[in-house]
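Q: The structure follows.
The values are calculated or read from the model by the stated rules, or taken from the named source; none is laboratory data. Please read these numbers as outputs of a predicted model, since none were measured by experiment. Please note: Cβ atoms are built from the backbone with ideal geometry, for glycine as well, and neighbour counts cover all protein chains shown. These accessible areas exclude ligands, DNA and RNA; they are computed on the full protein's heavy atoms, side chains included. Shrake-Rupley method; radii C 1.70, N 1.55, O 1.52, S 1.80 Å.
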Amino acid sequence: MQDLVDNLTKRYLELQTKRSGFHSQYQEIQRYVRPNSSSFSLGGDATIGETQHKDMFDSTACWACDQFANGLHSSVTNPSERWFQIAVAGVKTEKLSRNVRAYLDDVSDAIYYHYSLSESAFTSALHENYQDLGAFGTDILYQDWNSNTRSLVFIPVSLGEAYIDENVYGLIDTVFRVKQMPLRNLLQLFPAAADMDGIKGQDPQKTYTLIHSVYPREDWRYGLSKTDKPFASVYWSPDVKGVFSESGYDTLPYHVSRWTKQTGEVYGRGPGMSVLNSIRYLVQMKKELMVSAQLLNRPPIVADEDSLLVPVGKKGVTIAPGSLLYKTMGAEMPQPLLSGSQPNFSLEMIESERDAIRRAFYVDFLIREKKKERQSVLEIQDERGEMMRQMAPMCGRIETEKLGPMIARSYQLLNKHRMLPEMPAEL
């Protein structure tokens, strides 16, 4: 076991180093684009009740990211439409028998049904993933089986609490998920850990780092043992140098997609990263505009020295509404000092940056101004087709990296728990 912990610790440090180049960018994007997401501190846990919007001087990027997620969700995985169909690999559907085609339709219906269950949380989890995809360029979805409700369950995983790696073909096959957890909660998950060194006799509220490591096994074989699986699953903690649980998966339970990525990089790049400079500039301009507006509304007062009298008990001259100014007899009236700033010019620059941010998040394609006259079905389809053509390369990556493996794992889990119709003999 100690060798396993040492190897996992070494691997964990390597994955941290791989993501270190993105860390500062992710922190800025989280601050300006996804303020309600988990932080990028260790384990991704922000202080409970901490204000997440203190740097949000302009909400354009946050709004654009939400619209991006809404549009992508409705276009690619619309809950009210059939957006996938089960087929037999390598065989055209029209060449299959009627029984096989009926079976494939029944399997598709079964998967759609489980995706629609409230217990699965599929729709909400996927929408949160799309928000992360727009902001950070990488999203992570965990899929497993809930024995209590006998249904699939989907959990969005914040990028702040996960480290990933890919295989030689560029597909993600390794995920280390990190959580900070009080000892009392840790023992609820792993009661046998109560006698481990570093845990026995400790305060129940003491926080430990729990890591779930999923990676491909180099030497595995088919068997009945829980460790005879293609993917290893190890729950461990670097705080106690011990393993809480070791098992495996038949398929990778974490589905990771990248919006775009550069050669040699593991993590993706999203619209939020592409316009990060514009977001910084917009925030700075908005702050300057607020200062200019304050100077115009409440300019400094210029008065001759000793021309104003301060009544007894007052600390200084105030220009608050309803206040009284006392001046020396014969002295000139105090005058406001106008700065000569032009907020309209600043507003034009701000609007220009807002347009750039909206375009980067494809808002102009996802939300189009509706024509006043009636449109035919062909016109509507043509507009939607144009929109999808603009996003086709990225949507294709989502299908390859997330949706395809997700549906395949859904089939495997439902088939394993006998939730699918009986397969025809010819299959």
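Q: Per the Cauchy relation, a quarter of the hull surface: what is the mean projected area of the convex hull of the alpha carbons in segment 59-206, in nm²? Please report the intermediate quantities before stating the final value.
A: Working: hull surface 56.6 nm².
Seen from a random direction, the Cα hull of segment 59-206 projects 14.2 nm² on average.
Q: Would you mind checking the tilt of helix 343-360 against the longest principal axis of the Cα atoms of the chain, expressed as 0 to 90 degrees and rounded to 10?
A: In the chain, helix 343-360 runs at an angle near 0 degrees to the longest axis.
Q: At q = 0.07, 0.08, 0.13, 0.14 Å⁻¹, what is the base-10 log of I(q)/I(0) for the chain according to the Debye formula with one equal point scatterer per Cα and no solvent? Please give it to two decimals.
A: Relative scattering, expressed as log10 I(q)/I(0), comes to -0.50, -0.61, -1.24, -1.37.
Q: OK, next. Carbon-plus-sulfur fraction of the accessible area of the chain, 1.4 Å probe, in percent?
A: Working: 12420 of 24160 Å².
Ligands and nucleic acids excluded, carbon and sulfur give 51 percent.
Q: Follow-up question, since we're still on this one. Report the FRET efficiency, 1/(1 + (r/R0)^6), for D144 and E379, where r is their Cβ-Cβ distance and R0 is 45 Å, rounded to 0.05. All intermediate terms of the calculation are to be shown ahead of the outcome.
A: Details: r = 44 Å, r/R0 = 0.97.
After rounding, the FRET efficiency stands at 0.55.
Q: Report the label-to-label distance for K241 and M196 in nanometres (one decimal), using points 7 Å from each Cα along the Cα→Cβ vector.
A: Distance between label points: 1.3 nm.
Q: Taking amide H positions as placed 1.01 Å from N in the peptide plane, with prolines and chain starts having none, which residues 5 or more places from T260, or on another chain, fall under 5 Å of its amide H?
A: Under 5 Å from the amide H of T260 lie the amide H atoms of R269, each far enough along the sequence or on another chain.
Q: Here's a follow-up. Return one number: the angle in degrees, 0 to 90 and rounded to the nearest 10, between the long axis of the Cα atoms of helix 2-19 and the longest principal axis of the Cα atoms of the chain.
A: Taking Cα atoms only, the helix is inclined about 40 degrees.
Q: Does segment 133-291 classify as rounded, prolate or oblate by the C-alpha gyration tensor (a ≥ b ≥ c root eigenvalues; a/c under 1.5 gives rounded; else a/b over b/c gives prolate, otherwise oblate)? Before the final figure, lay out the partial values.
A: Working: a/c = 2.43, a/b = 1.46, b/c = 1.66.
Here segment 133-291 falls in the oblate category.
Q: How high is the relative contact order of the chain, in percent, counting Cα pairs under 8 Å that sit 6 or more residues apart? Don't jump to the answer; show the numbers that get you there.
A: Details: 595 pairs, mean separation 75.8, N = 427.
Computed over the chain, the figure is 18 percent.
Q: To continue, here is another question. Can you put C62, C395 in order of accessible area, largest first, using a 1.4 Å probe?
A: Numbers: C62 30, C395 10 Å².
The ordering from most to least exposed comes out as C62, C395.
Q: Which of the pairs K179/K200; K179/K402; K241/K261; K92/K226; K18/K241; K261/K287 have their Cα atoms more than 28 Å apart in this structure?
A: Details: K179/K200 20 Å; K179/K402 23 Å; K241/K261 35 Å; K92/K226 36 Å; K18/K241 23 Å; K261/K287 33 Å.
Correct reply: K241/K261; K92/K226; K261/K287.
Q: Let me cross-check D306: its accessible surface, 1.4 Å probe, with only protein heavy atoms counted, in Å² to the nearest 10?
A: Rounded to the nearest 10, that gives 120 Å².
Q: If we count GluC sites (Glu not before Pro) as exposed when they sit in a DSSP loop and have at most 10 other beta carbons within 10 Å, what is the longest stretch of the chain that avoids them all? Walk me through the intermediate numbers first.
A: Working: sites that count: E50, E81, E218, E305, E369, E373, E422, E426.
Excluding the exposed sites themselves, the longest stretch runs over 82-217.
Q: In whole Hz, with x marking every Gly and Pro, tabulate ³J(HN,Hα) for segment 132-145 from phi via Karplus 6.51 cos²θ - 1.76 cosθ + 1.60, θ = phi - 60°.
A: 5, 5, x, 7, 9, x, 9, 9, 9, 10, 9, 10, 8, 10
Q: Moving on to the next point. Please determine, in degrees from 0 to 90 and to the nearest 10, the orientation of helix 276-297 with respect to the longest principal axis defined by the Cα atoms of the chain, where the helix direction is its Cα long axis.
A: The two axes meet at around 30 degrees.
Q: Say each of T227 and T260 gets a label point 7 Å from the Cα, pointing the same way as Cα to Cβ; how far apart are those two points in nm?
A: Roughly 4.5 nm, to one decimal.
Q: For the chain, set up a Gaussian network in which alpha carbons nearer than 10 Å are linked by springs, and say which option among A89, A162, A69 fluctuates the most.
A: A89
Q: Let me ask another. Using the Karplus equation 6.51 cos²θ - 1.76 cosθ + 1.60 (θ = phi - 60°), what ³J(HN,Hα) coupling, rounded to whole Hz, does each residue of segment 107-115 give in order, writing x for Gly and Pro?
A: 5, 4, 4, 5, 5, 4, 4, 5, 5
Q: Using a Förster distance of 30 angstrom, determine the FRET efficiency expected from the C-beta separation of L171 and A425, and round it to 0.05.
A: On the way: r = 34 Å, r/R0 = 1.13.
Approximately 0.35, to the nearest 0.05.
Q: Using helices alone, what [θ] at 222 nm do you get for the chain, with -39,500 (n - 2.57) per DSSP H run of 4 or more residues, divided over all residues and rounded to the nearest 500? Walk me through the numbers on the way to the answer.
A: Details: 13 runs with 168 residues, N = 427.
Taken over the chain, the calculation gives -12500 deg cm²/dmol.
Q: What's the longest piece of the chain with no exposed trypsin sites (Lys or Arg not before Pro), counting a site as exposed if DSSP puts it in a loop and it has at most 10 other beta carbons within 10 Å? Walk me through the numbers before you get to the answer.
A: Numbers: sites that count: K54, R82, K92, K200, R221, K315, K370, K371, K372, R374, R418.
Excluding the exposed sites themselves, the longest stretch runs over 93-199.
Q: Distance between Cα centroids, segment 150-170 to segment 102-144: provide it in whole Å.
A: 13
Q: Please check the chain for the longest run free of chymotrypsin sites (Phe, Trp or Tyr not before Pro) that are loop-located per DSSP (anything but H, G, I, E, B) and have at most 10 other Cβ atoms within 10 Å. Kindly include the intermediate steps, with their values, before the conclusion.
A: Values: sites that count: Y169, Y222.
That gives 223-427 as the longest site-free run.
Q: Can you give me the distance in nm between label points at E218 and R184, each placed 7 Å from the Cα along the Cα-to-Cβ direction?
A: About 4.3 nm, to one decimal.
Q: Right, here's the next one. Quick check: from the Cα gyration tensor, does segment 55-146 come out rounded (a/c under 1.5), prolate or oblate? Working shown, then result.
A: On the way: a/c = 3.09, a/b = 2.36, b/c = 1.31.
Because a/c hits 1.5 or more and a/b exceeds b/c, segment 55-146 counts as prolate.
Q: Something else now. For D239, which sequence-distant residues (separation of 5 or more, or a different chain) have an amide H within less than 5 Å of its own amide H, given hydrogens modelled in the peptide plane?
A: T209
Q: Taking a 1.4 Å probe, which of I279, I172 shows the most accessible area, and what order do the others take after it? Write out the running numbers ahead of the final one.
A: Working: I279 5, I172 25 Å².
Listed by decreasing accessible area, they come as I172, I279.
Q: Enumerate the calculated ³J(HN,Hα) couplings along segment 153-167 in order (Karplus 6.51 cos²θ - 1.76 cosθ + 1.60, θ = phi - 60°), each rounded to whole Hz, writing x wherever the residue is Gly or Pro.
A: Computed from phi, the couplings for segment 153-167 are 9, 10, 10, x, 10, 5, 4, x, 10, 9, 10, 10, 8, 10, 8 Hz.
Q: In terms of modelled amide H atoms, which long-range or inter-chain residues lie less than 5 Å from the amide H of E166?
A: Residues meeting the criterion, in which the H sits 1.01 Å from N, are D173.
Q: Shape verdict for segment 139-199, please, from the Cα gyration tensor: rounded (a/c under 1.5), prolate (a/b greater than b/c) or oblate.
A: Details: a/c = 2.35, a/b = 1.42, b/c = 1.65.
It is oblate, given that a/c is not under 1.5 and a/b is not larger than b/c.
Q: For the pair S124 and L347, what calculated FRET efficiency results from E = 1/(1 + (r/R0)^6), where r is the Cβ-Cβ distance and R0 = 60 Å, to the nearest 0.05?
A: The value I calculate is 0.95.
Q: Find the accessible area per residue for the chain; the probe is 1.4 Å, ligands and nucleic acids are left out, and the unit is Å². Please report the intermediate quantities before stating the final value.
A: Values: 24160 Å² over 427 residues.
Using a 1.4 Å probe on heavy atoms only, each residue of the chain averages 57 Å².
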